[in-house]
1. Taking trypsin sites (Lys or Arg not before Pro) as candidate sites, keep only those in a DSSP loop with at most 14 other Cβ atoms within 10 Å, then name the longest stretch of the chain containing none of them.
2. At a probe size of 1.4 Å, how large is the accessible area of D96, to the nearest 10 Å²?
3. In bins 5 Å wide, starting from 0, what share of all Cα pairs of segment 17-84 does each bin hold, as a percent?
4. On alpha carbon coordinates alone, what is the Rg over Rh value for segment 116-234, Rh being the Kirkwood radius?
5. Would you please name the GluC sites (Glu not before Pro) within segment 120-228 that are DSSP coil residues with at most 13 other C-beta atoms within 10 Å of their C-beta?
6. Starting from 0.36 nm per residue, how many nanometres of slack lie between S31 and S44 once their C-alpha separation is accounted for?
7. Could you tell me which of rounded, prolate or oblate describes segment 32-128, using a ≥ b ≥ c as the square roots of the eigenvalues of the alpha-carbon gyration tensor, with rounded for a/c under 1.5 and, failing that, prolate when a/b is larger than b/c and oblate otherwise?
8. Of (i) 140; (ii) 153; (iii) 472, which is the value of volume of the Cα convex hull per residue in Å³ derived from the coordinates here?
Amino acid sequence: MNMRTKLLAVLIILAVPFGLKAALTEGNETSDVRNPAGSSYSFSHTQNTGDDGHLVIIIASPAVAVSSVTYNGVAMTEVRENNTAYGVYWSVWELDDPATGTNTVAVTLNSGNWNNVSTQCYSFTGCSGVGNTGFNNTQAVGQTTSVAISENSMIIGSVIAGNATSAYVEIPQGTGRTLDWNHNISNYHFGGISPSLTSGTKTVEGGATASNIMLVVEVQEAAAASSRRVIIIN
């Protein structure tokens with residue numbers, strides 16, 4: 001058989017990126033503190049546009065647990081809940097691909113609450129959602145907790161304390177961050193967020209002049225999508 005007429009089919013399979021990965025980016029925040037005087041409350045939050053959108057909400061509700069949270073009528077997923085040493089139910093909720101623009105966050109409690117309830121919302125793009133969490137329920141002045149994170153994750157550090165005098169949060173320990181919220185719920189609920197960090201175990205510290213406990217939440221960067229492309233060479 002003439003080499004010129006012989007068909008040589010070579011299949012080359014390449015793993016190539018389907019598209020460039022968008023970096024994890026923090027978008028809009030909404031802080032809400034109110035006395036529900038009942039078993040539900042609602043407020044507006046604006047989700048940024050962009051690929052791999054995600055919404056994370058942290059709620060501190062004295063005496064009464066949260067039964068559900070919706071955003072734009074879509075049920076959010078509860079990541080964790082703890083009834084704390086302060087008698088405050090601390091919960092974390094998330095929603096993948098939330099509706100963009102301004103929509104309603106609706107919170108339903110297990111029963112009526114006549115205490116102030118604290119809610120903090122963070123929007124992200126380039127996000128795959130909540131990763132690991134850490135919780136330290138031992139009351140101490142300047143409490144710490146640790147969490148193992150992936151490359152380029154952000155950490156939300158959340159504190160419940162007996163007062164908010166000289167309130168602070170360090171993410172990681174030794175690096176002070178701006179407080180994004182500071183709510184009076186008879187005790188106080190406050191916290192902030194880091195920029196993207198390197199991978200590894202990070203210790204976070206927060207507190208005030210009174211004793212406190214800590215919750216930390218990893219927010220992960222979206223993984224780059226990939227495809228397998230077949231190239232046929234004749």
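1. Value returned for the longest uninterrupted segment is 7-234.
2. 100 Å²
3. Result returned by the calculation: 3, 11, 22, 22, 18, 11, 7, 4, 3, 1, 0.
4. That ratio equals 1.17.
5. Those that pass, being in a loop and sparsely packed, are E151.
6. On the way: separation 13, 0.36 × 13 = 4.68 nm, distance 1.00 nm.
So the chain would gain 3.7 nm between S31 and S44.
7. Judged from the Cα gyration tensor, segment 32-128 comes out prolate (a/c at least 1.5, a/b above b/c).
8. Looking at volume of the Cα convex hull per residue in Å³ for this model, the match is (i).
The values are calculated or read from the model by the stated rules, or taken from the named source; none is laboratory data. As the structure is a prediction and not an experimental result, all values here were calculated from the model. We place every Cβ from the backbone using ideal geometry, glycine too, and count neighbours over all the protein chains shown. SASA here: full protein model, heavy atoms, side chains in, ligands and nucleic acids out. Shrake-Rupley method; radii C 1.70, N 1.55, O 1.52, S 1.80 Å.
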